Amino acid sequence: DAKTTQPNSMESNEEEPVHLPCNHSTISGTDYIHWYRQLPSQGPEYVIHGLTSNVNNRMASLAIAEDRKSSTLILHRATLRDAAVYYCIWSGSQGNLIFGKGTKLSVKP
Amino acid sequence: DAGITQSPRHKVTETGTPVTLRCHQTENHRYMYWYRQDPGHGLRLIHYSYGVKDTDKGEVSDGYSVSRSKTEDFLLTLESATSSQTSVYFCAIGGDPYNSPLHFGNGTRLTVT
């Protein structure tokens with residue numbers, strides 16, 4: 001139910017782009033892909049979401065594969081403040097967001 | 001942060017005692033959620049509400065009850081706290097659950113001894 005697959009951890013260098021992958025092969029055609037991140041000792045924070053086409057906002061870009069079975073969150077220039085756990089999510093049958101374990105991103109100065 | 005406040009922020013209680021956590025919003029969002037977060041499990045949905053007096057269970061609802069008598073308040077009650085309910089509890093608010101961002105509170109750290 002609403003299962004996504006993400007790498008457990010990734011590393012990046014400061015000021016370099018970061019591409020965080022996510023597989024969601026069982027997603028339906030009408031479910032949005034959502035990305036959240038959680039900094040240490042804080043609640044999750046919304047990053048971006050989309051349905052079919054690529055999306056951009058001030059925080060990141062979301063690239064969704066044409067078959068919608070995968071997506072990639074792009075941080076254009078990683079900063080130390082971007083070190084967090086990133087969750088790729090889509091809605092469960094009740095419309096609620098079901099969180100997996102996410103990808104822990106480390107950013108090296 | 002997005003007009004959502006959780007109280008208390010920290011609580012220590014004994015096994016068998018009742019505990020109520022409060023989530024208060026000033027955004028007039030229709031949907032409110034309670035999640036718990038434990039090491040190795042990520043966030044898991046406990047209960048959610050889609051309007052005043054309208055609530056439903058999530059994946060880990062056993063041992064918890066909720067109430068929503070006003071749009072702005074969503075209460076989570078542990079009728080008889082157990083050590084397995086030691087966790088960090090997050091409240092979230094949002095609009096259309098399929099296509100709107102959720103805004104999370106800063107969490108309540110509950111320890112049951």
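Listed by first and then second residue, the pairs linking a residue in the stretch A:22-36 that is touching a residue at least 40 places away in the same chain (Cβ under 8 Å) to a residue that is basic (K, R), with Cβ atoms under 6 Å apart and 6 or more places separating them unless they lie on different chains, are A:S25/A:K69; A:I27/A:R68. The numbered conditions (1) at the interface with chain A (Cβ under 8 Å from one of its Cβ atoms); (2) open to solvent by 20 Å² or more (accessible area, probe 1.4 Å); (3) in contact (Cβ under 8 Å) with a residue 40 or more places away in the chain are all true for B:D56 except (3).
Kindly check whether there is at least one residue in the stretch B:6-15 that is of a type in the set (A, V, I, L, M, F, W, C) and either open to solvent by less than 30 Å² (accessible area, probe 1.4 Å) or at positive phi (or both). Within the stretch B:6-15, none of the residues are of a type in the set (A, V, I, L, M, F, W, C) and either open to solvent by less than 30 Å² (accessible area, probe 1.4 Å) or at positive phi (or both). Regarding A:Y46, is this residue touching a residue at least 24 places away in the same chain (Cβ under 8 Å) and closer than 20 Å to B:S100 by Cα? Against the criterion (touching a residue at least 24 places away in the same chain (Cβ under 8 Å) and closer than 20 Å to B:S100 by Cα), A:Y46 does not qualify. When the stretch B:59-72 is filtered for residues that are closer than 15 Å to B:I4 by Cβ and open to solvent by 40 Å² or more (accessible area, probe 1.4 Å), the ones remaining, listed by number, are B:K70, B:T71, B:E72. Look at the stretch B:73-88: where a residue is at pLDDT 95 or above and open to solvent by less than 30 Å² (accessible area, probe 1.4 Å) and a partner is in a helix (DSSP H, G or I) and not aliphatic (A, V, I, L, M), sitting 6+ places away or on another chain with Cβ atoms under 7 Å, you get B:L78/B:Q85.
If you go through the stretch A:46-69 and keep only what is open to solvent by 70 Å² or more (accessible area, probe 1.4 Å), of a type outside the set (S, T, Y) and over 14 Å from A:T4 (Cα atoms), you end up with A:N54, A:N56, A:R58, A:E66, A:D67. Among the residues of the stretch B:40-53, those that are closer than 25 Å to A:Q42 by Cα and either more than 10 Å from chain A (Cβ to nearest Cβ) or open to solvent by less than 30 Å² (accessible area, probe 1.4 Å) (or both) comprise B:G42, B:L43, B:L45, B:I46, B:H47, B:Y48, B:S49.
The values are calculated or read from the model by the stated rules, or taken from the named source; none is laboratory data. A quick note: this is a predicted structure, and the numbers were derived from the prediction, not measured. Every residue, glycine as well, gets a Cβ built from its backbone with ideal geometry; the counts of neighbours run over all protein chains shown. When the accessible area is computed, the model is the full protein with side chains, heavy atoms only, and any ligands, DNA or RNA have been set aside. Shrake-Rupley method; radii C 1.70, N 1.55, O 1.52, S 1.80 Å.
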